[in-house]
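Structure first, commentary second.
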Amino acid sequence: MEEKNKTLYHLDDLSGYKVASGYPDVRGWEVLDANHKSIGTVDRLLVNKNTERVVYLEVEVNENLTQQGHDTYEEHADEGVHQFLNEEGETHLIIPIGLARVDEDNNKVITDSIDDATFSKVKRRRKGEDFDFEYEKDVVRTYNVDSEEDQYESEEDFYNRREFDNIYRKGDTDPKP
């Protein structure tokens, strides 16, 4: 049985926690991919309680994305096992906060380095479903931003990566190169 990640909590579930002043509350905002296609809507924010900062956007994906790229019969049978990546009802995915930027003028969250084809390959989960550290590492690998694959010694090192830098605004540059 997988053990839940005990450092991550939904912002709504933590009394005394709120979005830091100077940062917009992006819950309910549309998420656009690198090609400005709609991916879904920010449903909730996930906070790392140890670092006391938002590290993930939890996104409820659009129905068209849930169907994209999951034709179990598109490959020939001799090319391996055919199975669905995501099961029915798994409509949420997470995006590391540093892979998104905010367009406050239009109330949009934009993922400049992730397109819809990549989003369609991310393992999703049900709303409110707990997940473990392995799920987080798999998500980061799927977004193909982990050039030093697994080059961190602990979960704390993992959250110090550029993918977890604070969300930035339209016109700002990347938080860190």
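Every number here is computed from the coordinates shown, using simple stated rules; none is lab data. Remember, it's a predicted structure, so these values are computed and weren't measured experimentally. FYI the Cβ positions are ideal-geometry reconstructions off the backbone, even for glycines, and counts take in every protein chain you see.
Listed highest first by mean packing, meaning other Cβ atoms within 10 Å per residue, what order do 92-103, 47-58 come in? Let's see the in-between values first.
Values: 92-103: 21.3, 47-58: 17.9.
Listed from highest to lowest mean packing, they are 92-103, 47-58.
By per-residue mean of other Cβ atoms within 10 Å, what is the highest-first order of 107-115, 121-129? Show your work: numbers first, answer last.
Values: 107-115: 17.9, 121-129: 15.9.
So the order, starting with the most tightly packed, is 107-115, 121-129.
Efficiency by 1/(1 + (r/R0)^6): what FRET value for ASN35 and ARG141, r their Cβ-Cβ distance, R0 = 22 Å, to the nearest 0.05?
On the way: r = 22 Å, r/R0 = 0.98.
In this case the efficiency is close to 0.55.
Applying 1/(1 + (r/R0)^6) with R0 = 41 Å to the Cβ-Cβ distance of GLU52 and GLU88, what FRET efficiency is obtained, to the nearest 0.05?
Numbers: r = 36 Å, r/R0 = 0.88.
E(calc), rounded to 0.05, equals 0.70.
Using a Förster distance of 41 angstrom, determine the FRET efficiency expected from the C-beta separation of LYS123 and SER15, and round it to 0.05. Each step should come with its number before you reach the end.
Details: r = 31 Å, r/R0 = 0.75.
Result of the calculation: an efficiency of 0.85.
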